[in-house]
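Encoded as structure tokens, the structure appears first; notes follow it.
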Amino acid sequence: MNSILFIIILLYLLSSAGYIIFLFAQKKIYHKLSYSIMMAGFGVHTVLIGVEFFQIGYFPAQNLHQTLLFAGWSLAGVFLVLKYRYRLNILGVYAAPLTTAIMIAAFCVPAVAVAPTPLFKSLWLILHIIIIFIAEGSLSLACGTGILYLIQEHAIKTKSNRFFLKRLPSLEFLDRTGYAFIVTGFTMLTIGLITGFIYAQIVWGRFWSWDNKEIWSVITWLIYAALLHGRLVAGWRGRRAAIMAIIGFAALLFTFFGVNFLLEGHHDEFTKW
């Protein structure tokens, strides 16, 4: 498995290098090549997850190693789909290196064996994990778009950095695309939380138990709900929306990593990190 994982990391790394070259050279051939290499990496990545699923007999997201593998897979997959839909080519400069970093972390983290139980094979658990990770991939891209927006805005205001001014899309395009990513991610996050509540009812006999993961998941959901509400009602756009997208993703990261490492709860039964 390590040899396959190394190939995946190499492909994502080559894609990252290609996107960085594309940022400087601005030639479409570099983007097309980088996109194709990332697709190849995603294909091998999909095979790896599928093989592991059939080998262990349950969904491979029960320890930090497996979770990072799936997080990298979902980010790469969501990027490939949404980039194709919204034509934000330059976002690969953010998505490819981030995916590579996640995969390197997965390579460095040992796979801790978890004794399988019938709970791991629940359809609701599988749906919950898949949908949540798709949401996180989309909201990660919203964060990246927000960062690009702030960089471009600063370049326009100061007129001192023509490098980004010439290479990044217009502020209107970045704002509109970031909003689309947030709508997609928020929708999936909402569905993911609902499936999680249903699964909690099956496992613990109640939808809500004041678990730390549950609390922080709802806090993250409220941040994005506030952003969407502010955009629709108060006209939050541009810089404010970009900053909120970054804050929301920071909360998402804490929910994903911080809660597991720093706090305790029911989810410890399923993620032996």
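Every number in this text was worked out from the coordinates using simple rules, so none of it is lab data. These numbers come from a predicted model, not from an experiment. Heads up, the Cβs are rebuilt from the backbone with ideal geometry, glycines too, and the neighbour counts pull from every protein chain shown.
Rounded to the nearest 20, the size of the Cβ-charge dipole of the chain about its Cα centre is 1380 debye, with Lys and Arg at +1 and Asp and Glu at -1. When the trypsin sites (Lys or Arg not before Pro) in the stretch 125-229 are filtered for DSSP coil states and for at most 12 other beta-carbon atoms within 10 Å of their beta-carbon, the remaining sites are Lys159, Arg206. Taking Lys and Arg as +1 and Asp and Glu as -1, the other residues whose beta-carbon sits under 12 Å from that of Leu141 total +1. Remark: relative contact order (the stretch 122-273) = 31 percent; criterion is Cα-Cα distance under 8 angstrom and separation of 6 or more residues. About the centre of its Cα atoms, the stretch 122-273 shows a dipole size close to 920 debye [charges on the beta carbon of Lys, Arg (+1) and Asp, Glu (-1) only; nearest 20 debye]. Note on the chain: lysine pairs with Cα distance below 27 Å, sequence gap of 8 or more or different chains, count 14. The local environment of Val78, defined by Cβ-Cβ distances under 14 Å, has a net charge of +1 under the rule Lys, Arg +1 and Asp, Glu -1.
All other residues whose Cβ lies under 11 angstrom from that of Asp175 are scored, Lys and Arg at +1 and Asp and Glu at -1, for a net of +3. Length available on full extension from Phe54 to Phe107: 0.36 nm per residue minus the Cα-Cα distance, which gives 17.1 nm.
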